[in-house]
Structure formats: structure tokens, C-alpha cells
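Each remark here refers to the structure printed beneath this line.
Values in this text are rule-based calculations from the coordinates and carry no lab data. What you see is a predicted model, and the numbers here were worked out from it, not measured in a lab. FYI the Cβ positions are ideal-geometry reconstructions off the backbone, even for glycines, and counts take in every protein chain you see.
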Amino acid sequence: MLRFLIRRILLTVPVLIGVATLVFALIHLVPGDPAVSMLGEAATPADVAALRARLGLDDPLPRQYLRFLGAATRLDLGVSLRTGRPVGTELAEKLGATALLAMAAMSVALIVAVPLGIIAAIRAGTWVDHLAMAVALIGLSMPNFWLGPLLALVFGVQLGWLPISGRGSSTAMLFGSVPAVPPAYLVLPALTLGLGLAAILARMTRASLIDELRELYVRAARARGVSMRRAVLVHALRNGLIPIITIVGLQFGAVLTGTIITETIFAWPGLGRLLIQSIQFRDYPMVQGCILLIAVTYVTVNLLTDLTYGIVDPRVRYE
């Protein structure tokens, strides 16, 4: 396993370099000048030129790119052009809120999808199966930018049951450095993200479980007197976890990218909202830092997913 782990870590290096290169190129293609955004439209050309020189924006792009890569290898992401604070410090402050929202969304997805997929698999071909998959298809067809405002209008504006923006004013801390959030503020963003993921996960759970229920070991267990519940939950579901774990790992990356829309809709102070604000301000260092952090998180989650295979299924060998 150690050789597998080292090889996977080494393979992430060109991936991250590619992400950094692509982000650097695209952000410099966006129209607008950060110096003008910082000084305002009324700034004189001399002031703009002086600020560009101070920030290094008048250097040739290859030199700016090499300077950016060199600083990134030292874990120095620079200083935000918008706030003047270190990029790493702001990312650390926002990461906790995004991680909390991502975990809540994945919890919603698992709570909804796994029972729905199990029921559909057990009742495959019946009206229960068709109804469950229809519900999953509806969830899959609703994009975040439509579902979020709809939930906010119904439960926040019309019914007044839940807040529709922010994360409250609680001063308590969760896990040491992550601010605790009143549950009411987390419900709508978590549902917006989690329901779409639940649809995909439910369909995968159903397909994987149906394949396992057809295997001889399940029939043998039933012939020995094992109850249907135990045959499904203990035998079939455990052996069908590999595809489900794969989807969960991949969808966690979708949660991180999906927070860009959801956090904007609900004014959630996380990485997604920070990224949108930085793009609007042409804050090059902050945009690059946000994308790199998302890429590193995505690669790490996929590595942990691969390592989980060996824990769930001892037959998996790493070479």
C-alpha cells in the first residue's frame, strides 16, 4: 500500500501544476484591470500605472507565472488585492464554513439516497421501484440555481420557518476552529446541495444492490434461514459498497464546486462565495488560491476513496 500511496501522491503533482497553469491563464483573460478595481474609475492613469508596478502586474505574463509557481511551492499564495490580507489566512477562515456545509449536504444525500435505493432494489420492477426512481429523477433534474431560490421563497419568505441567508451570530466553536452554526441556518443550503446528490446516489445504490441480490451467496443465506433484512443489509449491501463509495467520493468534489452557487444564493460565508467575489474584483491571488484549494481537496478525497476500498473489501489489493 505504501508504494501505491507514494505513486498516487507523485501523480497529483502534474495535476496540480496543470490546474494552476489553467487558472492563471484563464484569470488573466478575464476583461478588467485589478488596479482600476482597487482605485476606482476616477483614478488617474499615473496612479493606475504606479499601482500596477507595485503589484507586479506590468511584468510579462511568463514572469508573473513563474513567480506564482515559485511562491505556491513554498505554500505562499500571496496577498489579496481586495482586502490586503494573506490569501492563506482568508482561505483558512472560509474553509470551515464550506466544509461544514459539504458534510451537511452529504449527510442529507446519504440519509435520503441509501434507504431509497435499498427499497427500490428490493421491490425492483414494482410500482414502489418506479416511484422511487421517479423521485430520484426529479431530484436529478432540479439545478441548484433553481432549487435554492425555490426553497428560500417557500420556507423562508412565505412560511417564515427558516432563515434564508448567513449562518447566524453564534460565537461557539465546533471542532476547535470551525464556528458552530445554528441548525436552522444550515437546513436550506444543505437541502439545496444534498437533494441533487441524493438522486444520483439512490440510482447507484439501487443498481449495485440489484446485482448483488442476484448472486448465489444471497440465495444461500436466505436458504439457511437468514432474514431478508439481514441478507440485504449485512451481505448484499456490504459487497455492493464499492460503486457507492466511488460515487460518494466523486460527488464530494461536486459538493465543493456546487457550493459556489449555493453559497451565493444563501449568502453563506464560505469558499464559493469568496471565489465569486474575488472574480468580480479581479483578485488574481485569491481566485488562484481558491481554485488550488478546491483541486487539492478533490484529489485528496479521491485518494481517500481509493484507500477505503481496501477497508470495505479485503479482496482489494494495492499494487
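Remark: the residue 49-residue 161 segment gains 35.1 nm on full extension, using 0.36 nm per residue and subtracting the alpha carbon distance.
In percent, how large is the relative contact order of the chain, given Cα pairs closer than 8 Å and 6 or more residues apart? After rounding, I find 27 percent. Axis angle, to the nearest 10 degrees, between helix 2-29 and the longest C-alpha principal axis of the chain: 50 degrees.
Between 0 and 90 degrees, the angle of helix 45-55 with respect to the longest Cα principal axis of the chain falls at about 60 degrees.
About the centre of its Cα atoms, the range 87-312 shows a dipole size close to 780 debye [charges on the beta carbon of Lys, Arg (+1) and Asp, Glu (-1) only; nearest 20 debye]. Ranked by how many other Cβ atoms sit within 10 Å of their own Cβ, fewest first, the residues 278, 227 fall in the order 227, 278.
For the range 249-296, the Kirkwood radius over C-alpha pairs fed into Stokes-Einstein at 25 °C and 0.890 mPa s yields D = 227 µm² per second. Taking the longest Cα principal axis of the chain as reference, the axis of helix 183-213 is set at about 40 degrees. Net length available on complete extension from residue 111 to residue 25 is 26.9 nm, with 0.36 nm assigned per residue and the Cα-Cα distance removed.
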